[in-house]
Amino acid sequence: MATKSALPTLAQIAAKVGSEPIFANAAMQMDDCFLTAVRTVATNDALVPQMGQVLSAFPIHLPKWHPYSILAHRLDVGDKPSSASKDAMQHWEQDMDDQPTYHIAGSYYEACNCDAVCPCRRQGEVPGGRSTYGDCDFLLSWRIIKGHMGTVDLSGLSVSIAGTYNDDVGDDIWAVFIYIDETATGPQFDALSKIYCGQTGGNLGVTANFSTILGIKRAEIRLDHTAGVEIINVGTSASAQVVRDFEFDGRVSCGIPGHDHPGQESVSSLTVEDAPLAFSYSERCGFATDFAYWN
């Protein structure tokens, strides 16, 4: 956590955060920047213009419980910046103190409607960009081989997320359904819901993009993450499968499992029928690798 003696200027924070994708390590850096920013403003109400600059660099479509949202709301209702930032910081730190630690690791497979190699991926050292068609429709899946949150064992459970976003509206504005393994106990369901909604922090940075959570559901999730024949089946709501591996001469990685987990690109098909989501694509793209998340 940054100390006052090492505070960068808010302009530097805004420039740094605004230039980085909202994934994995960048998400944690943003949380550190948030704490730095609110501490700075808490000591000087004259920094209102710079705080506006910082807030504009942070993601704006976030759950109401997120500290950025709390801070923006407090400023909107006319609170002094020092009071608003103190409240948001205290809420954030208390919320994080109250959260049990988690660590989950296992296998990952996703499919979306982009053409392979998905242009969102990092290819070698070349960062990803806009989706192929402007609208990204996707189905993601995680098989937790080993994991826990606090004393709750999460090993052997599966999670899937179906969703969509539009590049021109904003690639941090995702509408998603979160599907939790129907075999999960009550405590396991609650733990996975919190992790995949982003309420427990950590390096599962993609949750910062979830502006609209359409629902969190128990579902019969059947995953086969065997290399080259990956399959997702989520009850009657969603499915995806590898058609064939996509041969690419180089390293491919995806921000969701983390760029430190390169994997295999594929030509994949997917279907989602869970209103308001409704889409089906044949022979588009997929990606498989392993993952590890913790807070």
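Annotations
- Once backbone amide H atoms are built at 1.01 Å from N, residue 238 has 273 as its partners under 5 Å, excluding neighbours fewer than 5 places away on the same chain.
- Stokes-Einstein translational diffusion, region 175-295 - Kirkwood Rh over all Cα pairs, 0.692 mPa s, 37 °C, in µm²/s: 209 µm²/s
- On the principal axes of its alpha carbon atoms, region 178-224 extends 26, 22, 19 Å, with the longest extent given first.
- For region 112-137, the residues whose amide N sits under 17 Å from a probe point set 7 Å from the Cα of residue 249 along the beta carbon direction are 117, 123-126.
- Taking amide hydrogens as placed 1.01 Å from N in the peptide plane, the amide H of residue 203 sits under 5 Å from those of 294, each at least 5 positions away in sequence or on another chain.
- When you count the other C-beta atoms within 10 angstrom of each residue and take the mean per peptide, 286-292, 260-266 line up highest first as 286-292, 260-266.
- 5 angstrom amide H check on residue 251, placed H, neighbours 5+ away: 124
- Ordering of 198-205, 135-142 by packing is 135-142, 198-205, highest average first (other Cβ atoms within 10 Å, averaged per residue).
- Estimated distance in nm for a label pair at residue 294 and residue 126, the labels positioned 7 Å out from Cα along Cα-to-Cβ: 3.5 nm
- Using the Cβ-Cβ distance between residue 229 and residue 101 with R0 set to 22 Å, the FRET efficiency from 1/(1 + (r/R0)^6) comes to roughly 0.05.
- One chain, two ends: residue 273 and residue 155. Fully extended at 0.36 nm per residue, the span grows by 39.7 nm beyond their Cα-Cα distance.
- Equivalent-ellipsoid semi-axes for region 104-254 (Cα gyration tensor, √(5λ), whole Å, largest first): 25, 18, 15.
Read-outs throughout are calculated quantities, based only on the coordinates presented, and are distinct from any laboratory measurement. Values in this document were obtained by computation on a predicted structure and should not be read as measured data. Methodologically, a virtual Cβ is constructed for each residue, glycine included, from the backbone with ideal geometry; neighbour enumeration extends over all protein chains shown.
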